[in-house]
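**Student:** Sending over a structure as structure tokens; questions will come in a sec.
The values are calculated or read from the model by the stated rules, or taken from the named source; none is laboratory data. Not measured: the values here are computed from a predicted model. Neighbour counts run over all protein chains shown; Cβ positions are idealised from the backbone, glycine included. Accessible surface is based on the protein model in full, side chains and every heavy atom, while ligands, DNA and RNA are left aside. Shrake-Rupley method; radii C 1.70, N 1.55, O 1.52, S 1.80 Å.
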Amino acid sequence: MASAPVPSGFRRLHGFTVPDSFTPAPNTAESREVVYSSIINTARAFMRFQKLDITVEGAENYPTETGAMIVVNHTGYFDFVYSGVPAFLNGGRLVRFMAKQEIFDDKVAGPLMRGCKHIPVDRFNGAGALDEAIRRLRNGALVGIFPEATISRSFELKEFKSGAARIAKEAGVPLIPVTIFGSQRVWTKGQPKHLGRWPVPVWLRVGEAVMPSDDANETNDRLHAVMTEQLDQLKKDYEDRYGPFAGGEPWLPKSMGGSAPTLEVAGAEDVEEREAKRIAREKKLAENESGGSGKHRKKGPLASNAGKIGIAAGVAGLAALLIKRKK
């Protein structure tokens with residue numbers, strides 16, 4: 001993807017930087033899916049255009065034949081895209097992400113999401129999505145989820161929702177911990193997006209499988225501890241390889257000398273944002289009931305908030321975004 005020097009002990013594979021020790025699995029049947037494969041090719045072309053320097057470690061920990069819950073930390077809008085790279089490298093497998101129903105309702109992103117067999121989640125009735133994820137996992141699929149639910153503005157791990165642990169337990173599959181650092185430098189919440197040439201490093205590390213226990217809360221705590229340790233080491237390695245940094249960078253966590261908010265401050269900002277959205281929804285409902293908004297054309301998700309498409313659509317959202325930019 002980029003012309004940066006290859007570190008010792010690593011090599012290039014399909015444009016990504018991987019350890020010399022990595023041996024990719026043969027391509028699986030999934031690799032021949034037309035819609036998803038086309039979107040992957042679009043995403044790879046876009047990353048080449050940006051000249052991103054993407055390192056992937058531990059891709060061999062993505063199963064090639066059985067189901068697994070792919071659990072990813074969330075720091076940027078393109079994390080869906082980047083966390084699918086290890087699956088692509090190891091047998092051309094495909095990750096089916098759980099994403100909110102509104103994206104599937106969009107006239108551009110919706111067909112792409114369905115074509116990629118992602119899983120719609122109704123925010124008011126999510127039981128159907130959980131059952132579908134369990135069914136897919138039992139049938140051997142890789143299902144992706146962000147246990148923090150929303151982007152971490154601090155670029156540290158927030159508390160996890162327990163959905164991933166509960167789904168993995170019911171399906172009888174492992175949880176695969178994936179940590180990403182650097183994606184916030186491309187596009188994240190509250191900071192400028194960089195969709196042109198932007199040769200920055202993004203580093204993914206895939207850990208060994210975490211097996212769920214009968215206690216979902218215990219599994220969730222154990223998974224959080226594993227991913228915290230994994231992310232802390234990744235941040236250190238990132239700075240060792242690409243630093244030192246000047247300090248005060250908005251994409252750098254406070255613990256690394258950056259100006260990103262602490263977990264506590266970021267949490268307060270999240271609460272404030274949720275409250276503002278709640279008020280806006282109530283206002284919109286009131287306007288609809290009074291007929292005040294009838295004369296205005298309703299905007300779809302793409303028109304009203306491209307950032308949300310980037311979050312929820314993942315790989316399909318990237319293609320939708322590119323389509324939108326060409327209009």
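**Student:** Contact list please: Cβ distance under 9 Å, first residue in region 24-35 and within 17 Å of Pro86 (Cα to Cα), second residue acidic (Asp, Glu) and open to solvent by 40 Å² or more (accessible area, probe 1.4 Å), pairs at least six apart or on different chains.
**Tutor:** Sorted first by the residue in region 24-35, then by its partner, the pairs are Pro24/Glu60; Ala25/Glu60; Ala25/Glu65; Thr28/Glu65.
**Student:** Take Met47 and tell me if it is crowded, with 16+ Cβ neighbours inside 10 Å and closer than 26 Å to Leu223 by Cα. Lay out the reasoning, then the answer.
**Tutor:** Working: crowded, with 16+ Cβ neighbours inside 10 Å: yes; closer than 26 Å to Leu223 by Cα: no.
So Met47 fails the test.
**Student:** Can you tell me which residue within region 113-127, out of those that are assigned to a helix (DSSP H, G or I) and at pLDDT 90 or above, is least open to solvent (accessible area, probe 1.4 Å)?
**Tutor:** Narrowing region 113-127 to residues assigned to a helix (DSSP H, G or I): 113-115, 127.
Among the residues that remain, those that are also at pLDDT 90 or above are: 113-115.
Details: Met113: 1, Arg114: 133, Gly115: 25 Å².
Per the criteria, the residue is Met113.
**Student:** Return yes when Arg185 is touching a His at 6+ places or on another chain (Cβ under 8 Å) and more than 20 Å from Val95 (Cβ to Cβ) and no when it is not. Please lay out each step first, then the result.
**Tutor:** On the way: touching a His at 6+ places or on another chain (Cβ under 8 Å): yes; more than 20 Å from Val95 (Cβ to Cβ): yes.
In short, yes.
**Student:** Moving on to the next point. Condition first: closer than 20 Å to Ala141 by Cβ and under 20 Å from the mean Cα position of the chain (by Cα). Now tell me which residues in region 32-57 satisfy that. Can you show your working first?
**Tutor:** First, pick out the residues of region 32-57 that are closer than 20 Å to Ala141 by Cβ: 32-40, 43.
Selection gives Val35, Tyr36, Ser37, Ser38, Ile39, Ile40, Ala43.
**Student:** Can you tell me which residue within region 91-112, out of those that are open to solvent by 50 Å² or more (accessible area, probe 1.4 Å) and of a type outside the set (D, E, K, R), is modelled with the lowest pLDDT? Steps first, answer last, please.
**Tutor:** Of all residues in region 91-112, those open to solvent by 50 Å² or more (accessible area, probe 1.4 Å) come to 100-102, 105, 107, 111.
Cutting the leftovers down to of a type outside the set (D, E, K, R) gives us 101, 111.
Working: Gln101: 90, Pro111: 93.
Filtering first and then ranking leaves Gln101.
**Student:** Continuing with the same structure: So which residues in region 148-199 are surrounded by fewer than 20 Cβ atoms within 10 Å (Cβ to Cβ), of a type in the set (Ser, Thr, Tyr) and outside any loop (DSSP other than H, G, I, E, B), if there are any at all?
**Tutor:** Residues satisfying the conditions do not exist here.
**Student:** Kindly indicate which of Met227, Met211 is at pLDDT 95 or above and more than 20 Å from Glu148 (Cβ to Cβ). Outline the logic, then answer.
**Tutor:** Details: Met227 fails: more than 20 Å from Glu148 (Cβ to Cβ).
Exactly one residue qualifies, and that residue is Met211.
**Student:** Just a yes or no: is a residue in region 289-299 surrounded by fewer than 14 Cβ atoms within 10 Å (Cβ to Cβ), at pLDDT 75 or above and closer than 24 Å to Glu148 by Cβ? Quick ask: steps written out before the conclusion?
**Tutor:** Taking region 289-299 first, the residues surrounded by fewer than 14 Cβ atoms within 10 Å (Cβ to Cβ) are 289-292, 294-299.
Next, only the ones that are at pLDDT 75 or above stay: 289-290.
Adding the requirement that they be closer than 24 Å to Glu148 by Cβ leaves none.
Looking through region 289-299, none of the residues is surrounded by fewer than 14 Cβ atoms within 10 Å (Cβ to Cβ), at pLDDT 75 or above and closer than 24 Å to Glu148 by Cβ.
**Student:** Could you pull out the residue among Asp221, Asp214, Asp232, Asp237 that is in contact (Cβ under 8 Å) with a residue 24 or more places away in the chain and within 25 Å of Ala165 (Cα to Cα)?
**Tutor:** Values: Asp221 fails: in contact (Cβ under 8 Å) with a residue 24 or more places away in the chain; Asp232 fails: in contact (Cβ under 8 Å) with a residue 24 or more places away in the chain; Asp237 fails: within 25 Å of Ala165 (Cα to Cα).
Selected residue: Asp214, the only one of Asp221, Asp214, Asp232, Asp237 that is in contact (Cβ under 8 Å) with a residue 24 or more places away in the chain and within 25 Å of Ala165 (Cα to Cα).
**Student:** Could you tell me whether any residue of region 70-93 is of a type in the set (D, E, K, R), in a strand (DSSP E or B) and within 28 Å of Pro7 (Cβ to Cβ)? Let's see the steps before the verdict.
**Tutor:** Kept after step one, since they are of a type in the set (D, E, K, R), are these residues of region 70-93: 79, 93.
Now drop any that are not in a strand (DSSP E or B), which leaves none.
Among the residues of region 70-93, not one is of a type in the set (D, E, K, R), in a strand (DSSP E or B) and within 28 Å of Pro7 (Cβ to Cβ), which makes the answer no.
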